[in-house]
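Single-structure report; data block below.
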Amino acid sequence: MRYLYCIFILFHLNIYSQTKHRYSEVYKTAFKIDSAKGNATEFELKIDSINVQGYKYANKIESKCNFEKSKTELNVNYYFQDNKVILVMVKEPAPGGIKELFSESIFFVKNDRIVDMDFRNTVLPCMAVPNDKNIFELYGYNKAISGKFMERYIFELLEKIKNHR
């Protein structure tokens, strides 16, 4: 009976324990890079109708992309390990001026290929979401900036930033 009781307690503790994310090491590396960025080189460039400005660090590139036509803003951060991209985080602030609201796309990269991705949208906890509206309509995120677009755009942008003098 004691064994069953012990198994029950261990099982119960396991249910409520924190699980390890499959990319927790990548997140740890990104945190370490953010904690010790060091000196930066500022850059500015224009790609078609997109104004890009940002900073290059030893293991990180921070960029802010302003799309002139759609008035969309994207913050694209690249994290590097051994001069290879391991993580790309893209945030689109909600166009209402509420800083807590954003749409986020996270791309896990290995050998210059996206191996996994995650998409998140923040919502106001006190605001009900109507059934007849989606998150894009409600908060004003740009629908054209989809996962497929982002998969291409992050690598094209990185190439332009790397080649910029």
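The values are calculated or read from the model by the stated rules, or taken from the named source; none is laboratory data. Since the model is a prediction, treat every value here as computed from it, not as a measurement. Every residue, glycine as well, gets a Cβ built from its backbone with ideal geometry; the counts of neighbours run over all protein chains shown. Accessible surface is based on the protein model in full, side chains and every heavy atom, while ligands, DNA and RNA are left aside. Shrake-Rupley method; radii C 1.70, N 1.55, O 1.52, S 1.80 Å.
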### Query
Is the shape of the chain best called rounded, prolate or oblate, per the rule: a/c under 1.5 gives rounded, else a/b larger than b/c gives prolate, else oblate, with a ≥ b ≥ c the square roots of the Cα gyration tensor eigenvalues?
oblate
### Task
Could you look at the chain and say what percent of its accessible area is carbon and sulfur, using a 1.4 Å probe and all protein chains?
53
### Message
Can you give me the angle between helix 24-35 and the longest principal axis of the chain, using Cα atoms only, in degrees from 0 to 90, rounded to the nearest 10?
### Response
50
### Task
Report relative contact order for the chain in percent, whole number only (criteria: Cα-Cα under 8 Å, sequence separation at least 6).
12
### Message
Highest mean first, how do 77-87, 138-148 rank when packing is the count of other Cβ atoms within 10 Å averaged over residues?
### Response
77-87, 138-148
### Message
If I fit a long axis through the Cα atoms of helix 2-16 and take the longest principal axis of the Cα atoms of the chain, what angle between them do I get, 0 to 90°, rounded to 10?
### Response
20
### Message
Under 26 Å between alpha carbons: how many lysine pairs meet that in the stretch 78-165, if sequence neighbours fewer than 8 apart on the same chain are excluded?
### Response
22
### Query
Sorted by average packing, counted as other Cβ atoms within 10 angstrom per residue and highest first, what order do 33-41, 150-158, 102-110 take?
102-110, 150-158, 33-41
### Query
What does the accessible area per residue of the stretch 12-141 come to in Å², with a 1.4 Å probe and no ligands, DNA or RNA counted?
66
